[in-house]
1. Looking at this structure, is Arg334 open to solvent by less than 70 Å² (accessible area, probe 1.4 Å), closer than 30 Å to Asn157 by Cβ and out of contact with any strand residue (DSSP E or B) (no Cβ under 9 Å at 6 or more places or on another chain)?
2. Quick check on my filter: what residues within the stretch 304-331 are open to solvent by less than 40 Å² (accessible area, probe 1.4 Å) and of a type in the set (A, V, I, L, M, F, W, C)?
3. Which residue pairs have Cβ atoms closer than 9 Å, lie 6 or more positions apart in sequence or on different chains, and pair a first residue in the stretch 139-160 that is over 18 Å from Ser384 (Cα atoms) with a second residue that is assigned to a strand (DSSP E or B) and of a type in the set (Val, Ile, Thr)?
4. Of the residues that sit in the stretch 261-272 and are open to solvent by less than 60 Å² (accessible area, probe 1.4 Å) and among the polar types (S, T, N, Q), which one is nearest to Ser324 (Cα to Cα)?
5. Pairs please, first residue from the stretch 225-246 and more than 20 Å from Gly148 (Cβ to Cβ), second anywhere and among the polar types (S, T, N, Q) and surrounded by 13 or more Cβ atoms within 10 Å (Cβ to Cβ), Cβ atoms under 8 Å, 6+ apart in sequence or on different chains.
6. Of all residues in the stretch 161-182, count the ones that are assigned to a loop (DSSP other than H, G, I, E, B) and touching a His at 6+ places or on another chain (Cβ under 7 Å).
7. For residues in the stretch 187-222 being out of contact with any Leu (no Cβ under 7 Å at 6 or more places or on another chain) and among the aliphatic types (A, V, I, L, M), which is most open to solvent (accessible area, probe 1.4 Å)?
8. Would you call Arg226 within 22 Å of Gln385 (Cα to Cα), open to solvent by 40 Å² or more (accessible area, probe 1.4 Å) and more than 23 Å from the chain's Cα centre (by Cα)?
Amino acid sequence: MNITSSAKLAAAAVLASFAITLLASGQSVEGTWDATVTVNNVSVPFRIEIDGTGAEVHSYFFDGDDRVNPSNSGTFQNGSLVLNFDSYATKLEATLKDGTLSGTYDRGSGSAYAFQAKRHDPSLAATEDQHAPDISGLWEIQVKSPKGESAWHFVVNQTGAKIDAAILRVDGDTGTLSGKFKDGRFFLSHFTGERPFYVEVTPQSDGSLQLQVASFHDAQTLVALRPTDARAKNLAPPDDPTEHTKLKDPSQPLRFSFPDVTGHIVSNTDDRFQGKVVLVNITGSWCPNCHDEAPFLEELYRKYHGLGLEIVALDFEPAEQLKSLSRVRAFVKRYGIEYTYLIAGEQDQLNEKIPQAENLNAWPTTFFVGRNGLVRSVHTGFTSQASGELDSRLKDSVRNEIRQLLSENVHVAKSGN
């Protein structure tokens with residue numbers, strides 16, 4: 001063996017020894033981590049996967065078993081981890097010490113969640129109580145919500161002690177609440193970078209469920225009933241998302257006139273919309289359910305645009321985001337949005353900017369406009385796959401309605417101002 005070969009082998013041995021030492025000391029962040037963020041004094045468990053090192057670090061959250069919401073950029077240097085999520089304008093900053101990551105998940109505007117993580121331990125995930133009661137199926141949670149709702153859906157999928165569930169409000173669902181049964185309760189949680197939820201579900205002797213919910217909004221104790229039991233008690237069902245928001249005067253066209261991200265004004269009277277089926281979508285880059293909806297809208301646009309479909313997003317943002325539109329641009333880039341995207345104003349200006357709507361109080365909300373320029377229906381909210389059959393049913397109904405509107409051949413008068 002020559003000197004050069006010996007030197008290469010020696011160098012390789014040193015590097016291998018360094019890598020082993022690095023891993024042994026816990027100074028690598030690659031792999032899956034069991035993490036928590038603290039919200040309303042409750043630790044919300046979730047998983048996060050990290051790969052890379054130095055100036056090239058990336059991560060994913062988990063919605064159930066699916067990897068979602070990848071970071072846009074990140075670094076891990078000298079024990080300090082930074083991950084940036086541009087389409088939410090959030091940042092995770094943590095320090096690795098003795099095998100534990102500790103830091104904050106910065107939500108912007110001076111708000112942050114305490115963050116902590118340890119390496120994923122599969123043996124802990126396998127620990128479960130096999131004597132779990134069957135609570136699978138559809139439930140109704142009794143509420144008095146700020147949007148005027150009397151009930152929410154609670155969708156449960158269960159295999160033994162393991163459970164995936166979702167709370168579905170009129171504006172959308174929580175994402176997948178994952179967990180298991182232990183000591184007489186189901187412990188469920190969800191965090192994919194935007195909306196932490198922690199739910200303890202305790203089956204009651206009368207067949208109901210008690211839910212203790214801690215979310216980014218608040219903490220509350222709720223009761224869930226089977227739909228048949230709720231009807232027997234004369235309790236109102238969850239709001240129909242096609243009846244929640246109405247147009248004050250359906251005989252008038254829905255008017256809009258707002259700038260796009262370049263400042264160019266786009267209006268409902270523009271030639272591009274005349275004689276077309278138009279979905280006018282109330283959205284915001286801060287809105288988790290709008291993130292759920294954007295890929296579906298883009299799918300619809302690409303499939304039906306050539307047949308006469310136009311989609312117009314009316315984006316409402318917090319005041320600080322309107323200054324640079326950095327999060328909006330990242331949102332549009334992330335989902336490859338090609339349909340018209342307009343900047344309508346601040347969140348609290350919703351009813352001022354869209355005065356023709358009645359009971360408009362949810363993001364997202366979509367107006368279905370026919371070829372004659374008139375609103376044919378309004379759909380409030382959007383589900384994710386966590387809502388199971390309700391999600392499939394919603395998407396099928398939207399596709400069917402679009403196809404029906406596209407099939408109509410009517411004389412079109414130019415929309416008025």
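1. So Arg334 does not fit the description; no.
2. Answer for the stretch 304-331, where residues must be open to solvent by less than 40 Å² (accessible area, probe 1.4 Å) and of a type in the set (A, V, I, L, M, F, W, C): Leu309, Ile311, Val312, Ala313, Leu314, Phe316, Leu325, Val328, Ala330, Phe331.
3. Ile141/Ile167; Ile141/Val213; Ile141/Val223; Gln142/Val223; Lys147/Thr380; Ala151/Ile141
4. So the residue we want is Ser267.
5. Hits for this filter: Asp229/Ser208.
6. Selection size over the stretch 161-182: 4.
7. Ala219
8. So Arg226 passes the test.
The values are calculated or read from the model by the stated rules, or taken from the named source; none is laboratory data. Here the structure is a predicted model, which means the values were calculated and not measured. Note that we place each Cβ from the backbone using ideal geometry, even for glycine, and neighbour counts take in every protein chain shown. SASA here: full protein model, heavy atoms, side chains in, ligands and nucleic acids out. Shrake-Rupley method; radii C 1.70, N 1.55, O 1.52, S 1.80 Å.
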